[in-house]
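Scroll down for the structure; my scribbles are underneath it.
The values are calculated or read from the model by the stated rules, or taken from the named source; none is laboratory data. Since we're looking at a predicted model, the values are computed, not measured. Cβ: placed from backbone, ideal geometry, glycine included. Neighbour counts: every protein chain shown.
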Amino acid sequence: METYIFFLGSNPQLSAAEVWGVLTAGELEPKVIGLTGQRMEVELNQEPGTELLNRLGGTDRVARVIKKTNKVWPVQDLAEIISTGTSAPKFVVGISQYGDVFENIKKIAVDIKKILRSKGVKMRFVLPGGKDTRLNAAQVIFNKLHQPPNKELSVIKTAANEYVLAETIFVQDIAAYAKRDTSRPARDARVGMLPPKLAQILINLALPEINPEQSVLDPFCGMGTILQEGWLMGARMFGSDISETMIEASRNNLLWLSTNFPEVNDLLLPELFVQDMRQPFRSVRQKLFDAVVTEGYLGNPISSPLSKRELNEVSESIIGLYQDALKNILPILKNGGYLVFCLPAWRSSRRGYSFTVLSPTLLDFAGKLGYSQEHLLPDALAGLFQANSRGTMIYARPDALVGREIIKLRKV
Ligand SMILES: C[S@@+](CC[C@H](N)C(=O)[O-])C[C@H]1O[C@@H](n2cnc3c(N)ncnc32)[C@H](O)[C@@H]1O
């Protein structure tokens, strides 16, 4: 058993739910050791592979714990840890610091270098710039700190005054995400494209273990973000939309993906078709889907918070649409299959933290149809996070007036 630290992204609660779902679905026998704000510490029976870690949209780095002590390590110990197992003539080491571990990291680096030089070991340090205490992903990737013989060491002081030393084993490929987000040929800010990382999270929540036989439908596929991410993650993807133009946009984006991320070509190109979710499905070649994952219509784009009257109007039309969609999804979803989808959550004021969500009518309606709602926060994490009473989670960029409320339903 070894302990790993998952460094969680911008929505730690959602990220933790994703990590937990994916880890428990495999054979890693995870046990939560601790969870503090941005970090989740988990014991695993073996090191998780890159393929699994690459799937996690909400985890930006993963590190293996090397040492946990109740006092900070002398430089000699650090020098030894850094040079252990390295016979390379030259290598690079980065240090990221969380909490007050070292007062003067630059001096520590100079001292370590001196000790190692006296032993004939040549190495170079990369340290965070300016006021930063953590190396950014670009620095880790550029210097290949996550790959031997190089190292990124994270030094952490916990709230319980423990000192943790950990070595990075994985870092999110920020350039690949940026490319998939902004370089696709068909883009339209007004349609409100989903960030690829959130698309991954939604897919993982619905299908924590993925194989190419499993089919996933996005019935409001828009420009195809969920289709592209699911395809990369190894699922058989299907997409539909009411709009022919959107289907064409998805098609262009998926063809672009197959050229720019050729690894997807091991699997069939996602299938696309036009379908109004207010109507029952007519012709779907794949009759039953293992999961349905979607970010549907969230209302028209807005430039200021909505008044009560406006909220009522838009809520009514959205509830109507999703009632029809829930009804029409039911016959094409396998028994026991999950439906993960987003509803709008309107920020109450421009810089506020509170949101207005749709009335519970829709969730009650889903229950009557034959879905059971699953709490997004797994029981194992329930004591560690303050759960919301609806069992959902809200994902919103800090400056966004409309966030996404994520809901997980199971066909019973
Ligand atoms: C917010 S966009 C989805 C964006 C998508 N997640 C992406 O990343 O590109 C909502 C989509 O729902 C589609 N839509 C709206 N009403 C629909 C309906 N009744 N049936 C099917 N699709 C619908 C729109 O055409 C639009 O493409």
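Please work out which residue is farthest from N104 (Cα to Cα), limiting yourself to the stretch 140-173 and to residues that are charged (D, E, K, R) and in contact with a Gly (Cβ under 8 Å, 6 or more places away or on another chain). Only one residue tops the list, namely K151. Residues that are within 21 Å of the chain's Cα centre (by Cα) and not basic (K, R) occur in the stretch 61-69; there is at least one.
For the stretch 370-394, the set of residues classified as in contact (Cβ under 8 Å) with a residue 40 or more places away in the chain, out of contact with any Leu (no Cβ under 6 Å at 6 or more places or on another chain) and not in a loop (DSSP other than H, G, I, E, B) consists of S372, A380, L381, I394, listed by residue number.
Can you pull out every residue in the stretch 387-401 that is aliphatic (A, V, I, L, M) and closer than 16 Å to S359 by Cα? Residues satisfying the conditions are M393, I394.
When you scan the stretch 349-357, do you find a residue that is of a type in the set (K, R) and either within 12 Å of the ligand (Cβ to nearest atom) or under 26 Å from the mean Cα position of the chain (by Cα) (or both), even just one? Within the stretch 349-357, one or more residues are of a type in the set (K, R) and either within 12 Å of the ligand (Cβ to nearest atom) or under 26 Å from the mean Cα position of the chain (by Cα) (or both). The residues listed here are I81, I115; of these, the one that is at negative phi and in contact (Cβ under 8 Å) with a residue 60 or more places away in the chain is I81. One residue alone among S349, S315 is in the same structural domain as M223 (by TED's automatic domain parsing), among the polar types (S, T, N, Q) and buried (at least 21 other Cβ atoms within 10 Å of the Cβ), and that residue is S315. Considering only residues in the stretch 322-340 that are in contact with a helix residue (DSSP H, G or I) (Cβ under 9 Å, 6 or more places away or on another chain), more than 14 Å from the ligand (Cβ to nearest atom) and not in a helix (DSSP H, G or I), the one that is nearest to F220 (Cα to Cα) turns out to be L339.
Taken together, the residues in the stretch 311-355 that are in contact with a Gly (Cβ under 9 Å, 6 or more places away or on another chain) and among the hydroxyl-bearing types (S, T, Y) amount to 3. Checking each residue in the stretch 304-321 for being within 16 Å of the ligand (Cβ to nearest atom) and either closer than 30 Å to G234 by Cβ or not polar (S, T, N, Q) (or both) picks out V314, E316, I318, I319, G320, L321.
The condition of being over 26 Å from L202 (Cα atoms), among the charged types (D, E, K, R) and in contact with a helix residue (DSSP H, G or I) (Cβ under 6 Å, 6 or more places away or on another chain) holds for D111.
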